[in-house]
Amino acid sequence: MSLLEITDLTVTYPSASGPVLAVRGVDLAMDEGEKLGLAGESGCGKSTLALSLLRLLPRGARVAGTIRFDGEDILTMGWGRLRAVRWAAASIVFQGAMHALNPVRSVGDQVAEPILVHEKVPKAAPRRKVAELLEQVGLAPSTARAYPHQLSGGQRQRVMIAMALACSPRLIVADEPTSALDVMIQAQILRLVDRLVTDRGISLLLISHDLSVLTSACDRLAVMYAGRIVEEGPAGQVFSDPLHPYSSALAAAYPRIGDATARRNPQGLPGDPPDPSHLPEGCSFQPRCPVALGECVRTDPPLWPAGPARRAACVHVRDSCPGAAHG
Amino acid sequence: MSAAQAPAAIPSPRRITWTRRTRSLARFGREYARHRAGMWGLAVLLVSIALALAAPLFISARDLSAVTAPGSPRQAPSLHFPLGTDAYGRSMVAVTIWGARISLLVGLAATVMSMVIGSLVGLLAGHFRAWVATVLMRVTDWFLVLPTLVLAAALASVLHRGVGTVIIAIGVTAWPGTARLVRAQTLTVEARPYIERARALGAGDWHIIRRHVLPNVMPVILAQTTLTVSAAVLAEATLAFLGLSDPTRVSWGTTLQLAQQVGAVSAGDWWILLPPGLAIVLIALAFTLCGRSLEAIFNPRLAAGP
Amino acid sequence: MLLTGFFLFRVLPGDPVRTITRGRPVSAVQLAQLRHAFGLDKPLAGQFGDYALRVLRGDLGTSYEYRTSVSRLIVQHLGATVYLVGTATLVAAALGLWLGARAAWRRGSLSDRLTTGLALTLWSVPTFWLGLVLIVAFGVGVGPVPGLFPTGGMNSPGVSGPLPVLADGLRHLALPCLTLIAVVYAQYLLIMRASLLDEMGADYITTARAKGLRDATVRRRHAVPNALLPAVTLVFLNLGMVVSGAVLVEAIFSWPGLGSLFFQALTVPDLPLLQGLFIFFSASVIVMNLIADLLYPVLDPRLRTA
């Protein structure tokens, strides 16, 4: 049985001009120990998806569908059970650790906090565990006494990772963990996360707009656009042989080593991501799609199977893979 | 280039600006209407101002004169006098409605004065850096921490007692809050790129202030004005009560002062105490609610900015 | 600071000497002598120089009315004021900050709307009027309900023995304290609510919730400590308002403190006393702000120099 099964997840935000769909019917599954990458531009709903996994959305948001974690439906869980699941079963590493850490409490306190909440131990007990965790992420144990503003960006992100590991979760969701960092530090942090989850067999849901980051770190890749998954498959295949036009564009935006022409010619994509309150008719990608057909304006394609463990939501996939129409 | 092919007339610049302004005004009106509390406050204010302006139509000088008052002094409420009579025998209803005139007048006049001073100081302090700004801000900060009432009372006590004095006293003590806010907003606006561009094109200080800073600062000033009126009305009542206003002019504060002087308080004549006080609370609350709604509308927009 | 205080009271129409000698037959020579004694015949700058020197030595001049040193008067009345204002401020701060935090956390709920509505209303109430109403309601009694609390002063004469004295003192404290608390707590509540609302949108709150903490714990351990900072800043900045309120309350309830002193000085006008009190008030507010500056690093680790 999969560790995480998301079925037909829909998230609606209220707004002045009516309800806005941020996530529209997403199906996703993750196994134990698997590393799944979720790619997409800003505003496509990735962070909303991540927050909804632990029911962390703001009060006005409406969530429909099911999210099964280890067999239990998170969306219908009782409050007490939810709080027990939070962090102890699945934890989140947020983007921009400057704001995700409490500025007036020491870093050590904040790392120890989830331990104190989930394990009935006396107040002084976690200190050793905190020191261990900090060492594992490459920080000196004395860092525990520091405050967030005294640390560098990379150090703060390491603290967030240490914090996420504190209760030995089965799943870590990393929402743009490297976006606010320099490139060199990005590489360090990614290597660190990779090593830690692999050593412990923790599942990783890595969210980023940077496809190159995801391809190297993940087993499987899912691409999201306008609140829906538009392609999914093994990471290397999705990157080198994308089936959905949007994935192609995303992959082409990053120059490949060894490909001389690509180096000087990264392809952009014209147009802007769609406004969630005014989605285009039919396929939501169709206004920007270089290979759009007439019928793309009329129908919004579902995810069709396109090979072993691959799916893509494009009419071209349906046409090129016989038998896919019945998928 | 024949006449038949003349292009459609492009509206004049003035017309474009007019359309744009009326549209954004309409949008603002719609947004304001969504704040229930603000609408209630606005309704109360409109009714009160209408009553105050129309008062001479149904309240005669005879009703208000201490000498020819219609009733006997300090009567409890009755059928003839729904709110009873005051120390001179005047109907409390008449006195309360008439009192709105002075109280609102003083409140508005003092606010205008303090807004003008405050905005000027704030604009100058924000626009000109260097020692001018430092001096202005030091003065502002100092005035800000002072107990305003103490200052106002002291000022009013040394000047000739009267309505004008009260206006001046309040106007002179209420401006620091505005100055601070305006300065902060001026700094924000002037940090924007288009100001730099305007300077590069040779815009002088005055031009920048008038055409760029002022329109962007106006919303803040407007919201702050409404809140200041509320405070000014309260201050007027207090200063009048302390005996610093003109006792022959009927205002809510002077009515209460009179009440205390003649011992109505110790006698428990609650009908003299309640109407003016409740009127003050109502008006001050109405202005405050409007001000808060305005703040709520303007603040998120100010944060974004062009 | 001295400059303003000085000029405020010197640059005014009305001859102080005439005021003192009002109603008493005095010859021109005696007038001149009095003037000389009070130093009023020297040029303005000279007067200020004298005054400044004397203040530095702790001598704030001699009251016209009381004929004793202003400093001594201040010291005599200080205790009563500190007793009243201290108690009221502490209770108001505790109440206001706590209720404000609760209201912000449950934003939009019925309890939030009620609490905030009540605070807004109380904020629009003139302090002196509330005092008067309380006096009438509880001190004098309305209709059949008898007065439960004394209407003025700090203690009743003729009460002896520790317990009765304590009870009597508390009864006297109740109404003025309540008045002051009512108006001040509303301000603190609104400040804290706004501050906490600002913090609630922060990312670290989401982190805290994600860790599985209870809502109340998140509020208590994460949101409130961060919200306290700007709230405390504003609280100290608004101390002037507390002073103003205290002056009014003391005047109404005949509480023998600095406020009553000020009120009486206004009526004369007793210039040295007014000046001295004004300087004292300003100085205390400034001192409190300095204390606040020392307090901030305790609350906010970002302000501690590493």
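Every read-out reported here was derived from the displayed coordinates using simple, explicitly stated rules and does not represent laboratory data. Just so we're clear, the structure is a prediction, and the values are computed from it rather than from any experiment. Every residue, glycine as well, gets a Cβ built from its backbone with ideal geometry; the counts of neighbours run over all protein chains shown.
In debye to the nearest 20, how big a dipole does region A:1-78 give about its Cα centre with +1 on each Lys and Arg Cβ and -1 on each Asp and Glu Cβ?
Working: 7 positive and 10 negative charges, 103 e Å.
Roughly 500 debye for region A:1-78.
Given labels modelled 7 Å from the Cα in the Cβ direction, how far is it in nm from A:Asp219 to C:Gln264?
Modelled inter-label distance: 8.8 nm.
Using the Cα centre of region C:178-306 as the reference point, and only Cβ charges (+1 on K/R, -1 on D/E), how large is the resulting charge dipole? Debye, rounded to the nearest 20.
The calculation lands at about 680 debye.
Once Rh for region A:58-125 is found with the Kirkwood sum over Cα pairs, what is the Stokes-Einstein diffusion coefficient at 4 °C and 1.567 mPa s, in µm²/s?
Estimated via Stokes-Einstein, D reaches 90 µm²/s.
For region A:83-231, what is the per residue volume of the convex hull drawn over the alpha-carbon atoms, in cubic angstrom?
Taking only Cα atoms, region A:83-231 has a hull volume of 119 Å³ per residue.
Beyond 24 Å between alpha-carbons counts as too far, so tell me which of A:Lys46/A:Lys129; A:Lys35/A:Lys123; A:Lys46/A:Lys120; A:Lys120/C:Lys211; A:Lys129/C:Lys211 fall in that bin. Don't jump to the answer; show the numbers that get you there.
Details: A:Lys46/A:Lys129 32 Å; A:Lys35/A:Lys123 34 Å; A:Lys46/A:Lys120 34 Å; A:Lys120/C:Lys211 15 Å; A:Lys129/C:Lys211 17 Å.
The pairs that break the limit, which is 24 Å between Cα atoms, are A:Lys46/A:Lys129; A:Lys35/A:Lys123; A:Lys46/A:Lys120.
Suppose R0 equals 60 Å. What FRET efficiency, 1/(1 + (r/R0)^6) with r the Cβ-Cβ distance, do B:Leu53 and A:Asp272 give to the nearest 0.05?
Result of the calculation: an efficiency of 0.65.
Viscosity 1.306 mPa s, temperature 10 °C: give me the Stokes-Einstein translational D for region B:153-274 in µm²/s, with Rh taken as the Kirkwood radius over C-alpha pairs.
The diffusion coefficient I find is 91 µm²/s.
Kirkwood Rh and Cα-based Rg: tell me the resulting Rg over Rh for region A:1-147, rounded to two decimals.
1.01
Would you mind working out the magnitude of the charge dipole of chain B relative to its Cα centre, with +1 at each Lys and Arg C-beta and -1 at each Asp and Glu C-beta, to the nearest 20 Debye?
The calculation lands at about 1300 debye.
Kindly give Rg over Rh for region A:136-204, based on alpha-carbon atoms, with the Kirkwood expression for the hydrodynamic radius.
On the way: Rg = 11.9 Å, Rh = 12.5 Å.
Taking Rg over the Kirkwood Rh, I get 0.95.
With viscosity set to 0.890 mPa s at 25 °C, what whole-number translational diffusion coefficient in µm²/s follows for region B:236-294 from Stokes-Einstein and a Kirkwood radius over Cα pairs?
Details: Rh = 12.2 Å.
The Stokes-Einstein estimate is 201 µm²/s.
Which of these, B:Ile102, B:Ile167, B:Ile16, has the largest mean-square fluctuation under a Gaussian network model of chain B (Cα springs below 10 Å)?
In this elastic network of chain B, the residue with the biggest mean-square fluctuation among B:Ile102, B:Ile167, B:Ile16 is B:Ile16.
Of A:Val117, A:Ala88, A:Leu57, which is farthest towards the positive pole of region A:28-167's charge dipole, taken about the Cα centre with +1 and -1 on the beta-carbons of Lys, Arg and Asp, Glu respectively?
A:Val117
Which Rg and Dmax, in Å, describe the Cα atoms of region B:194-237?
16.1, 51
So how long is each side of region C:178-306 along the principal axes, counting just the alpha-carbon atoms, biggest first, in Å?
Principal extents (Cα only, largest first): 65, 36, 19 Å.
Run the Debye formula on the Cα coordinates of region C:233-306, all scatterers equal and no solvent, and tell me log10 I(q)/I(0) at q = 0.12, 0.17 1/Å.
Per q value, in the given order, log10 I(q)/I(0) is -0.44, -0.70.
Measuring from the lowest to the highest alpha carbon on each principal axis, how far does region A:4-44 reach, largest first, in angstroms?
Per principal axis, max minus min of the Cα coordinates gives 42, 21, 11 Å.
Quote the convex hull volume per residue of chain A, based on C-alpha atoms, as a whole number of Å³.
It is 154 Å³ per residue.
Could you run the Karplus curve 6.51 cos²θ - 1.76 cosθ + 1.60 with θ = phi - 60° over region B:212-218 and give me ³J(HN,Hα) per residue in whole Hz, x for Gly and Pro?
For region B:212-218, the Karplus-derived couplings read 10, 6, 4, x, 7, 8, 3 Hz, x marking Gly and Pro.
For a paramagnetic label modelled at 7 Å from the Cα of B:Tyr32 toward its Cβ, which residues of region B:221-258 fall within the zone defined by backbone nitrogen distances under 11 Å?
Those under the cut-off are B:223.
Once the Cβ-Cβ distance between A:Asp70 and B:Val112 is put in as r, and R0 is 41 Å, what FRET efficiency do you end up with, to the nearest 0.05? It would help to have the intermediate numbers written out before the result.
Working: r = 67 Å, r/R0 = 1.64.
Efficiency for this residue pair is about 0.05.
What is the local net charge at B:Glu236, summed over the other residues whose Cβ is closer than 13 Å to its Cβ (Lys, Arg +1; Asp, Glu -1)?
It works out to a net charge of +1.
Would you look at the GNM of chain B, springs on alpha carbons closer than 10 Å, and say which of B:Gly99, B:Gly263, B:Gly177 moves the most?
B:Gly263
How many percent of all Cα-Cα pairs in region C:165-207 sit more than 16 Å apart? Intermediate values should be presented prior to the final figure.
Numbers: 538 of 903 pairs.
The answer is 60 percent, as a whole percent.
Just need the relative contact order of region B:86-193 here, percent rounded to a whole number, with Cα pairs under 8 Å and 6+ apart.
It comes to 43 percent, rounded to a whole number.
What is the helix-to-structure angle for B:175-190, meaning the angle in degrees between its Cα long axis and the longest Cα principal axis of chain B, kept from 0 to 90 and rounded to the nearest 10?
10
Toward the positive end of the charge dipole of region B:211-306, about the Cα centre and with charges on Cβ (Lys, Arg +1; Asp, Glu -1), which of B:Ala235, B:Leu273, B:Gln257 goes farthest?
B:Ala235
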